[in-house]
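Each remark here refers to the structure printed beneath this line.
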Amino acid sequence: MDKQEKELLALAPQEEPARQYYFIEAIRRKLLEERPAGAPGPSCCVVTFGCQMNARDSEKILGILQKAGFQETQQEQQADLVLFNTCTVRENANEHLYGRLGRLKRSKKEHPERIIAICGCMMQEADEVEKVQQKYPYVDLIFGTHNLYRFAELLFELLIRREEETARRARERRVVEVLPAADRIVEELPNSRKYPFKQGVNISFGCNNFCTYCIVPYVRGRERSRRSDDILAEIRQLASEGVVEVMLLGQNVNSYGNDNPEEISFPELLRRVCRIDGIRRVRFMTSHPKDLSDELIQVMAEEPKICRHLHLPMQSGSTEILKAMNRRYTKEGYLSLVEKIRSRIPDMSLTTDIIVGFPGETEEDFQDTLDVVRKARFDSAFTFIYSKRTGTPAAAMENQVPEDVVKDRFDRLLQTVEGISKEESGRDTGKTLEVLVEGPDEGREGWLTGRLSNNILVHFPGDQALIGKLAMVKLLSSKGFYYLGELE
Ligand code: 5AD
Ligand code: SF4
């Protein structure tokens, strides 16, 4: 580190996010110095695995990179900086990362100046961080979910170390910082928005539920709600920039505010979001059935801006298995909740998550799952084979179900789910409904793609000027998971 850089570090503000903006500027200057005047900035490719939370985090990461002078690219094999934002909810998510990392080995050897970074849930697991460090020496930067806000500072540190230690091996100049828990929520980081008209908004981070199969509470930490004033200010700002649809994000949105006695409840937060001028549609994800209150159903019924889609993960239909999963509801409880929602809001589209092969699951338990699927008639369901996650209580359970039995149940479940989904998804054929136009239809020249309030896609002929707007579209025919329509 030269004298000037030491001075730079000493001058960094202590408070956040000012400190990170300071490092963003420091990176920007450094990159400018290294390039001929007027040349485009280095390229970056941010690869996201997993859920909407990760997608939202990647927008923050990309926002930081772009502000520091990087240009986004999708060319993973050529980018000057590649960052993997990882997921670890099931084992195959981990395998996916290692496959992608392996494929970068050669190009990194040919271009050692490229930066390879990994962050996200998988990096909150000590074993995985160890494995990356041992087997993938060409990874330059590792950080976790709790210190994402420090990305600019960590990247700056890496750039400095690289200059200092060019003679040393990559693994010695690697920057690794993983924190065991979140120390704060840092507001107002830069943001790179994917769509000008819709945006995900975090309302809480982490989870307190400890479902026995799930690794999320270990890698994302305890539930922390953002202040409602901050959430509402962010949404007002988004509305002023032209956003018409927001998706409120939390591992369990229904317990929003439970960690702070002074905070408003989730239904009240929804009411206030709906009052914001310019916001036309409000979605949220994900709802734990045990915390879904009558007040929430009431708000959904009353507020036309709240989309007619509820994702309500059931996980299993067997009361015994639900108990072993620590889900804290029964088969009957789940079904009566579905019944209550359907009777108050008949046009509500319900989707769910289901796990097959949880330890101890018998054929009878599985039949209960099929029974709930048939009774609840989900519009669609994400079906998962149980995946053993080290450190969770279920991983230590002895009665794991044999692979072939699980596979057979999985196939039967999929068949049932898909059959119902096919029957349900065409039920609005012939109606004219409001669509948020999201973009051109990839396959058809002169056509557009949009989304109904219940989240189903509609393709129809139309002018690109409609993108980002709400339009009335007549649904002419159902194609299973989408409709073909025409503008009214
Ligand atoms: N195995 C299989 N599926 C899982 N999920 C969470 N943990 C596991 C696991 N260990 C599923 C749940 C959850 C969704 C996001 O992922 O169904 O709702
Ligand atoms: Fe995992 Fe259960 Fe929390 Fe969902 S509610 S993130 S399944 S522990």
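Miscellaneous remarks
- Span from the the range 340-407 Cα centroid across to the the range 266-329 one, whole angstrom: 19 Å
- Counting only Cβ charges, +1 for Lys and Arg and -1 for Asp and Glu, the dipole size of the chain around its Cα centre is about 560 debye.
- Shape summary of the range 27-153, radius of gyration then Dmax from alpha carbon positions: 14.4, 46 Å.
- Gyration tensor verdict on the range 202-356 (Cα atoms; rounded if a/c is under 1.5, prolate if a/b is larger than b/c, oblate otherwise): oblate
- Part-to-part distance (alpha-carbon centres) for the range 176-240 and the range 38-79, which is given in Å: 19 Å
- Classification of the chain by its C-alpha gyration tensor yields a prolate form. The axis ratio a/c (a ≥ b ≥ c) is 1.5 or more, and a/b outweighs b/c.
- Charge context of residue 433, other residues only, Cβ under 11 angstrom, K/R +1, D/E -1: 0
- By the beta-carbon count within 10 Å of each Cβ, the least crowded to most crowded order of 416, 429, fewest first, is 429, 416.
- The range 339-488: C-alpha gyration tensor shape, a/c 1.5 cut-off, then a/b vs b/c: prolate
- Exposure proxy order (Cβ contacts within 10 Å, fewest to most) of 88, 351: 351, 88
- With at most 14 other Cβ atoms within 10 Å, longest stretch of the chain clear of loop chymotrypsin sites (Phe, Trp or Tyr not before Pro) (DSSP): 211-480
- Simple point charges give the picture: +1 on the Cβ of Lys and Arg, -1 on the Cβ of Asp and Glu, and for the range 148-243 a dipole about the Cα centre of about 400 debye.
- Among the trypsin sites (Lys or Arg not before Pro) in the range 115-202, those placed in a DSSP loop whose Cβ has at most 10 other Cβ atoms within 10 Å are 169, 184.
- Lys, Arg +1 and Asp, Glu -1 on Cβ, resulting dipole of the range 1-43 about Cα centre, debye, nearest 20: 120 debye
- Look at the dipole of the range 405-460 built from charges on Cβ: of 459, 429, 416, the Cα furthest out on the positive end belongs to 416.
- Ranked for footprinting exposure by Cβ neighbours inside 10 Å, fewest first, 130, 268 give 130, 268.
- Reachable lysines from residue 6, criterion Cα separation under 20 angstrom, eight or more residues apart if same chain: 30
- What the Cα convex hull of the range 175-256 gives, in volume per residue, is 132 Å³.
- The residues neighbouring residue 420, those whose beta-carbon lies less than 15 Å from its own, together hold a net charge of +2 under the Lys/Arg +1, Asp/Glu -1 convention.
Readers should treat all values here as calculations from the given coordinates under stated rules, not as data from a laboratory. Predicted model only: the values in this text are computed from it and were never measured. Cβ sites come from the backbone with ideal geometry, for glycine too, and all protein chains shown count toward neighbours.
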